[in-house]
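A short worksheet on the structure shown next.
The values are calculated or read from the model by the stated rules, or taken from the named source; none is laboratory data. Computed from a predicted model, the values in this text were never measured in an experiment. FYI the Cβ positions are ideal-geometry reconstructions off the backbone, even for glycines, and counts take in every protein chain you see. Keep in mind that these areas ignore ligands, DNA and RNA; they rest on the heavy atoms of the full protein, side chains included. Shrake-Rupley method; radii C 1.70, N 1.55, O 1.52, S 1.80 Å.
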Amino acid sequence: MDLNQTEPLAFSQMTAHQRDRVLVELAKSLAYTALASRTLSTNHHFGLEELGTQIERDHALLFADYEAAAKLVFEAITLIADFEYEMGRGETKH
């Protein structure tokens, strides 16, 4: 165990710069998940792509507004989780 490793911060405890980095990485995750959704012929890609594009486009404005950023993070996690849940049940249109 590395004693120098700090515990992950809650989004509310992050600096604005850290929140911006989270938003950028989240946009990448949404794009990747949307690609998987398209490949597997599910309809999740519509929402995933839309939110990913919004975050990618606006992250420089959003990170300073904790409330707006937190709302988008929650929405993104929900969309990704919904897709993963469906995949776990084996429900594709193939």
Exercise. When only C-alpha pairs under 8 Å and at least 6 residues apart count, what is the relative contact order of the stretch 28-94, in percent?
Worked result: 39 percent
For this session: Pick out which of Phe11, Phe74, Phe63 has the largest mean-square fluctuation in a Gaussian network model of the chain, springs linking Cα atoms closer than 10 Å.
Result: Phe74
Exercise. Counting only protein heavy atoms and using a 1.4 Å probe, what share of the accessible area of the chain belongs to carbon plus sulfur, as a whole percent?
Worked result: 56 percent
For this session: For n ≥ 4 DSSP H runs only, could you compute -39500 (n - 2.57) per run for the chain, divide by its residues and tell me the 222 nm figure to the nearest 500?
Result: -24000 deg cm²/dmol
For this session: Can you tell me the relative contact order of the stretch 6-65? Whole percent, Cα pairs under 8 Å, sequence separation 6 or more.
Result: 40 percent
Exercise. Whats the longest run of the chain with zero trypsin sites (Lys or Arg not before Pro) that are DSSP loop and have at most 10 other Cβ atoms within 10 Å?
Worked result: 1-88
Exercise. Beyond 17 Å, what percent of the Cα pairs of the chain remain?
Worked result: 52 percent
